[in-house]
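Undergrad: Structure in structure tokens, see below.
The values are calculated or read from the model by the stated rules, or taken from the named source; none is laboratory data. Everything numeric in this text was worked out from a predicted model, so none of it was measured. Accessible surface areas use protein heavy atoms only, side chains included; no ligands, DNA or RNA. Shrake-Rupley method; radii C 1.70, N 1.55, O 1.52, S 1.80 Å.
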Amino acid sequence: MNLKMKDKEKSMDTFLLKNLSGLLQTGIFYVEEGTMDESWKTEESNPLCRDKSLQEMLVRAAGMQDLPYLFQDEFQVYFGCVMSGSGYCLVGPMNVDFFARPKRHKFYRKYSIPENAEKNLSRFTLMEVLQIMCIVAKIVSGKEYTDQQIVDANHLASVTKKQEDEDQIRFNLQADEEYISRHSYQEERKLLDMVREGNVEEALRLAKQIDVAVARLGKTEISHLQNLLTVGAALCARAAIEGGVSPYIAYRVSGFYINKGSECRDATQILVYRNHAVEELAKYVHEMKSKKHASSYTKRCKDYVTKHFREKIYLDEIAETLGISSSYLSRLFKKETGISLQDYVNQVRVERAANLLVYSEEPIPKIAEYVNFPSQSYFGKIFKAHKNMTPRQYREAYKPTEFFEEDG
């Protein structure tokens, strides 16, 4: 690629970044070789332009991890940094809190910004902050990340005592035009349609889209998100039933995540629970619709494995139960599922084990024994083949925050 093409490509990047900054009404500054574009140095009210130590901290932290770095200061305001090959992009401030005038003044004073330069901060939901970082990362580095990856990389699903105290004053329900509901009944119906159809990816996208516009459902951020989880999971459970999932499974899934959310004091983790509920219910519908294309023999074989995964499972015994030869069942199962029966058995056992790793305190050897793997080493080998990480790594990566807090 010649220099002119590189310059043109870079100008396109900065064009997108500057227009995104204007659209969002928050700072997005690209810095290359330690120098910020002169046209971006005029934001005297932005801490990213005035506070050199904040810039240095963000760049240093972003350089220590592969994914974009997201930092939340003591005022619940987010600042982000995305690294690229020849520079980095600073993003912020992104405010998720209610800012009364005294608090706003303290915020600007912390970053040595004069009172005559103070202005109202644009407010975002947490989901909007995560999506902004994903978009900026795509523009700057060309890499695509999910909001969940940003959450995990920056350990955002953790809560401090100060955050709990701040929950009591967040999202004040006094007259504020930003609290007017902007999402429509039709948008909600689209989400339920996607769950009913088993379209997992689109269901998740619509759930996050509604988050941005939904009216407040509680006096604090935590109560709002808990109510959002309860309503969303309950409605999606009904949609899943309409899509063919048994009421027992649908209500079990929604009830599980509603209960987890009601016990949780971490805003990010509650959103994660909601997303998991939508995703799992849509997946069940997808699986039900897929099963309709399989023969009754394959379906009955899967049902047998689901009921007896903790026992030794023999192909001959299943075939005898179905009244067909084992060779025919083996060929039929592989043809209709794309995997062997033994691989399917391992898949079911790994999924059950993964759930226990995340939502139980049982030691790994006991979990391996429970799902009927002959040894812990074999369990580790099969688990890693399916999940691309060891059981211990999986537990550390996905275990909800409160489990760790209780252990400490």
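Undergrad: With no solvent and one equal point scatterer placed on each C-alpha of region 316-382, evaluate the Debye formula and give log10 I(q)/I(0) for q = 0.25, 0.27 Å⁻¹, two decimals.
TA: Taking Cα atoms of region 316-382 as identical point scatterers yields -0.98, -1.06.
Undergrad: Each residue of region 53-61 in order: what ³J(HN,Hα) in whole Hz does its phi give by Karplus 6.51 cos²θ - 1.76 cosθ + 1.60, θ = phi - 60°, with x for Gly and Pro?
TA: The phi angles translate into 5, 5, 4, 4, 5, 5, 5, 4, 5 Hz.
Undergrad: Can you pull the percent of region 248-363's accessible area that's carbon plus sulfur, 1.4 Å probe, other chains left in place?
TA: 50
Undergrad: Largest first, what is the accessible-area ranking of M127, M57 with a 1.4 Å probe?
TA: M57, M127
Undergrad: Over region 64-145, what percent of the accessible surface lies on carbon and sulfur atoms, probe 1.4 Å?
TA: Of all accessible area on region 64-145, carbon and sulfur atoms account for 50 percent.
Undergrad: Would region 286-353 count as rounded, prolate or oblate if I go by the C-alpha gyration tensor, calling it rounded below 1.5 in a/c and otherwise prolate when a/b exceeds b/c, oblate otherwise?
TA: Because a/c hits 1.5 or more and a/b fails to exceed b/c, region 286-353 counts as oblate.
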